[in-house]
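Following: one structure in structure tokens, then a few remarks.
Throughout, read-outs are computed from the coordinates displayed, never taken from laboratory work. These numbers were taken from a predicted model, which means no experiment stands behind them. Here Cβ is always computed from backbone atoms with ideal geometry, including for glycine, and neighbour counts include all displayed protein chains.
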Amino acid sequence: MHKPFGFYFSFLILIVCFNCKKNSAENNENEALLKKLDQKINAKKRYENIKKRKIFILKNDLHQHLSNDSMTYEINNQIVEEYLGYQCDSAYIYSDKNKALAIKNHNNYWLYQTLLQRSVLLSTTGLFTESKEILDNIDPKSLPPKLRFAYNSAYECLYSNLVDYSGDNNMYGRNYKHKLADYYNSAYKSLAPTDPFYYLFLSHKNRISNEWEQANFNIDKFLKTTKKGTRLHAIGSFCKAVIEAKLGNVDSQEQCLIYSAISDIESSTKENRSMQDLAGILYKKGDNERAYLYIQSALEDANFYNARFRSIQISKVQPIIEETYLLTINNQNRKLRLSVIIISLLMVGLGITVYFIYKQLKMIARSRNELKKVNHDLKLVNVKLDEANTVKEEYVAFFINQCSIYLEKFERYKKLISRRLSLGQVDKLTDMVNNKKSDEMDLNELYQNFDSAFLRLYPNFVDEINKLIKPDEQYLIKNGTLNTELRIFALIRLGITDSNQISDFLRYSVRTIYNYRSRVKAKSVIENDDFEKKIMQIGTISDA
């Protein structure tokens, strides 16, 4: 017996309604997550401060264990891990320190671990040749078993970034992808199934073999071992988003990218991809305002991380920014055309309408020129702010270090006084108080520390001053120490121009400071009135 047509039609309607309800529920959930992400973007500075405090604590621990190479290496290693996805330049610095420690102690395990860490950092920042050179010079047979996974993982990172860089639709990209598959396979085989990373790399292997359902199953296993708000959770969520996209689950892809972006912000991970990919999805959905906000956030992270490979990511983001901007202009033009139509209906004469359009276009062109000028001025201000912030951070650290040193000396001095008072050694106390040699040593130590901090900020300072004075009067510094004349102008470069303040710091009379300043100006090859202005222009600060 045939069922009536009405039955099938009703059944079809029920299926459509069910799917609509399901899609609506997913959209509502994603919208709630997007609002949460908006809040996280507004709170980025708070999470960055948490990251900075963590690094600051590690650096303080480092100062307390400088005599213990093993502890120093371990703390340096933790600092590099903190900087890895946060700020590549600082990661380089502490990686170099650990390499020096490994060589000093003839410790091959430290050396290999540092080299592998360095290779990952280089490939992440786009220095592929240097990264591969490190890995190619390592004999895998000589590696300790504990570093086998790190070795395969470093190669995987290199070829993964090379595939991203070159694409996989050309001869080189296909070759990189083939090698990437080998290292995915080697990486997961070097791990036990109980290791969480086993499922991450097994999922990678599934992806490269186009086994997307199995890849999704294994990435879910990895995600269960991660904690939200961590870099690993961000990586896992991003990988799942890639898989969901291949499976055609756009809403699930969007959701995973949101989770990944939230974890990136909460862990202050600046080397990320989720935010820009999410912006692309939202742009396609027509959520232009949010897409533009997310792109700006991604660009801020890219600029902060300061790595070459990030420029590739920026080049992928840039078209979205331009399209968003053009969309805004097109909306304005549509409104303009509507206005022209309305005005043309009210006003008689095509000439008036054409003139109005011409005037509006002139205004847009002028606005663009003004915007370019404002952006240029903002860039100059930002450069100056960056320099001021670097000076502030360096000398805050210098001040804290000096305070710590003098507090420690004061404590030892107080104990010594107490002991000698208890023994009635008043004559020795008198000798201590009148010991000018000790005062001179303290001052010399203070000035050496000041010189060291200043020359880290302005390594070309002496060379730049030498350009301003006569050839036969130029300065040479020994062991990174400034003489009194250079020290005076170093203080002036830092904004301390008052002779009274300079005399208090250097323990000279105001008259002596004035004479020193005049003596240096007398050596100048430029006008004396312009000399100190030129001093203030010395810079910029070198990259950390």
What ³J(HN,Hα) values, in whole Hz, does the Karplus curve 6.51 cos²θ - 1.76 cosθ + 1.60 give for the stretch 85-90 when θ = phi - 60°, with x put for Gly and Pro? x, 10, 8, 5, 4, 5
Per 0.36 nm of contour for each residue apart, how much would the distance between Ile477 and Tyr165 grow if the chain were fully extended, relative to their Cα-Cα spacing? 107.8 nm
Provide the FRET efficiency to the nearest 0.05 for the Lys362-Glu323 pair, computing r from the beta carbons and using R0 = 30 Å. 0.75
Extension reserve of the Lys335-Ile93 stretch, reckoned as 0.36 nm per residue once the Cα distance is removed: 81.7 nm
Would you kindly work out the equivalent ellipsoid of the stretch 452-544 from its C-alpha gyration tensor and give its semi-axes, the square roots of five times the eigenvalues, largest first in whole Å? 19, 17, 13
Distant-in-sequence amide H partners of Ile469 (H built 1.01 Å from N, under 5 Å): Val525
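Could you compute the FRET efficiency for Asn306 and Arg174, with r as their C-beta to C-beta distance and R0 at 30 Å, rounded to 0.05?
The computed FRET efficiency comes out at 0.45.
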Eligible aspartates and glutamates near Lys359 by straight Cα distance, threshold 17 Å, same-chain separation 8 or greater: Glu370
Exceeding 24 Å between C-alpha atoms, which entries from my cross-link table qualify? They are Lys52/Lys372; Lys97/Lys179; Lys132/Lys179; Lys284/Lys379. Lys52/Lys372; Lys97/Lys179; Lys284/Lys379
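Could you tell me the relative contact order of the stretch 452-544? Use alpha-carbon pairs under 8 Å, at least six residues apart, and round to a whole percent.
Once normalised by length, the contact order is 43 percent.
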What list of ³J(HN,Hα) couplings, whole Hz, do you get for the stretch 102-109 from phi and the Karplus terms 6.51, -1.76, 1.60, once you set θ to phi - 60° and write x for glycine and proline? 4, 5, 4, 8, 6, 9, 5, 4
Go through Lys54/Lys224; Lys59/Lys523; Lys44/Lys533 and tell me which ones have a Cα-Cα distance over 31 Å in this structure. Lys59/Lys523; Lys44/Lys533
Two pseudo-spin positions, 7 Å from Cα along C-beta at Asn500 and at Ile50, lie apart in nanometres by 4.7
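If you average 1/r over all unlike Cα pairs in the stretch 94-211 and invert the result, what Kirkwood radius do you get in angstrom?
Its Kirkwood hydrodynamic radius stands at 14.9 Å.
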Qualifying aspartates and glutamates (Cα of each under 19 Å from Cα of Lys335; at least 8 residues distant if same chain): Glu289, Glu323
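Starting from 0.36 nm per residue, how many nanometres of slack lie between Ala522 and Ser509 once their C-alpha separation is accounted for?
On the way: separation 13, 0.36 × 13 = 4.68 nm, distance 2.01 nm.
In short, 2.7 nm is gained.
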Residue by residue through the stretch 462-471, which ³J(HN,Hα) values in whole Hz follow from phi under the Karplus form 6.51 cos²θ - 1.76 cosθ + 1.60 (θ = phi - 60°), with glycine and proline marked x? 5, 4, 5, 5, 4, 5, 8, 10, 4, x
If the cut-off is 13 Å between C-alpha atoms, which aspartates and glutamates fall inside it for Lys36, apart from same-chain ones fewer than 8 positions away? Glu266
